[in-house]
Amino acid sequence: MRPRFLVTLFFAMLAGVVCGNHAAMMQGVHRRTGRGVFKLAIARGGCSREKWIMADLSTTYMGIALKNPVTVAACSLSCKVENILRAEEAGAGALVIRSLFEEQIRHETGELDAALAKGSESYAEALSYFPAISHGEAKEHLFWVGRTREATKMPLIASLNAVSPGNWVAYAKQLADTGVDGLELNYYRVEADMTRDGLSAELQMLDIVASVRASVKLPIAVKLSPFYTSVGNVIQKLDEIGVNGAVMFNRFLQPEIDPDKETVLHEMTYSTSAEMRVPLRWIGLLYGKHSLDMAANTGIMEARDVVKALLAGATVVQVASTLFRNGIGHLTSLRDGLNAWMDSKSYASIEDFRGKLSQQGFEGDSVMFERAQYLDFLMSRQRWVKA
């Protein structure tokens with residue numbers, strides 16, 4: 001027998017005798033070789049199933065150590081410190097603080113007023129988004145982030161929502177000084193200018209990211225759109241810049257039209273599990289081909305969705321809609337559901353199965369693989385058409 005196995009066996013049998021708190025000490029010992037032996041020891045020791053140690057849910061995101069991969073996306077839930085503390089208590093692995101918007105910064109410096117007066121395409125609608133913007137709001141946000149950092153031990157990631165270069169980069173430095181663990185850049189821009197080509201749009205985004213990367217030492221993630229011509233190439237360029245993570249993907253606000261009132265409605269709707277198929281596909285295709293950690297965003301509603309994202313190759317998942325629907329306490333269900341699934345499959349750690357269903361192991365052209373799956377689906381008419 002290998003010495004490592006003998007050590008594992010000894011401690012596992014010891015756990016079967018003492019059980020209780022000593023079981024927690026075994027979490028790092030039981031991985032892989034000792035898991036089955038440890039369960040046997042506990043059974044012989046007369047401990048109930050509830051006292052078995054949990055699988056190792058820990059992971060790292062952009063070099064930040066997390067207790068589990070279930071994180072809270074940037075949303076209005078984090079507007080209150082008490083909600084953040086509730087998320088921490090419910091078991092969130094990390095939390096992305098609500099965004100500081102470029103419009104807030106530009107308004108504070110007087111730039112937004114000038115842009116609105118000109119009817120700038122980028123900012124013409126900003127008043128509808130921020131009808132009550134007041135000077136000093138950006139500085140208040142910085143103060144609030146610092147206060148939040150002091151209130152919780154959970155990893156916190158600050159978020160900047162911007163689309164153009166400028167003095168807002170200085171706020172990236174100031175956010176870093178609040179003590180947050182990382183920074184998320186939310187590049188939210190709808191390309192409606194018909195004279196602007198796709199390459200120009202991508203280069204502007206990359207220039208902004210590069211300027212932030214050069215200004216702060218914190219880990220940086222970029223929240224991407226799923227509509228780039230080549231998502232993989234954008235990821236590769238971000239990797240070259242030195243970005244640490246990619247959030248897949250941004251969920252754009254889709255306008256609705258009221259025919260009776262003949263008005264355009266700006267309503268935010270909750271996502272559904274069906275929407276996660278787009279990030280699931282791209283995460284699976286790109287896993288193992290770059291050094292960025294990928295966060296699955298949009299459509300993560302239940303524990304099964306968390307598992308799917310990890311199997312595709314996601315490092316973490318970000319949730320928001322499911323918390324609005326089910327409450328902040330639903331974080332516990334997501335975490336425990338992941339643990340239960342891992343236990344049923346005898347996985348000791350997330351690394352045992354992360355990326356198992358990605359394209360990394362496929363020998364050949366992944367584009368051809370996707371095309372083959374597409375044709376297979378269309379040719380199998382009975383799968384989607386009832387006789």
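Readers should treat all values here as calculations from the given coordinates under stated rules, not as data from a laboratory. Not measured: the values here are computed from a predicted model. Glycine also receives a Cβ, built like all others from the backbone with ideal geometry; neighbour counts cover every protein chain displayed.
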* To do: Note down the relative contact order for the stretch 154-234 as a percent, whole number, built from C-alpha pairs under 8 angstrom at least six residues apart.
  => 37 percent
* Asked: Among 346-352, 300-306, what's the highest-first ranking by average C-beta atoms within 10 angstrom per residue?
  -> 300-306, 346-352
* Structure fact -> Counting only residues 5 or more apart in sequence or on a different chain, those whose built amide H sits under 5 Å from that of Leu100 are Ser159, Leu160, Asn161
* Asked: So how do 199-212, 217-230 stack up, highest first, on mean other-Cβ count within 10 Å?
  -> 217-230, 199-212
* Asked: Listing Thr272, Thr332, Thr322, Thr315 from the residue with the fewest other Cβ atoms within 10 Å to the one with the most, what is the order?
  -> Thr272, Thr332, Thr322, Thr315
* What ranking, highest mean first, results for peptides 146-153, 337-344, 191-198 when packing means the other Cβ atoms within 10 Å averaged over each residue? -> 337-344, 146-153, 191-198
* To do: Rank these for me by crowding, Thr60, Thr263, going from fewest to most other beta carbons within 10 Å.
  => Thr263, Thr60
* **Full-extension gain in nm, Thr272 to Asn326, via 0.36 nm per residue minus C-alpha separation** => 18.2 nm
* Asked: Assuming a viscosity of 1.567 mPa s and a temperature of 4 °C, what translational diffusion coefficient in µm² per second does Stokes-Einstein assign to the stretch 143-273, Rh being the Kirkwood radius over Cα pairs?
  -> 78 µm²/s
* Any idea how far apart Leu199 and Asp260 come out in nm if each label point goes 7 Å out from Cα toward Cβ? -> 5.0 nm
* To do: Work out how much length Arg147 to Ser346 would gain on full extension: take 0.36 nm times their residue separation and subtract the Cα-Cα distance, in nm to one decimal.
  => 67.5 nm
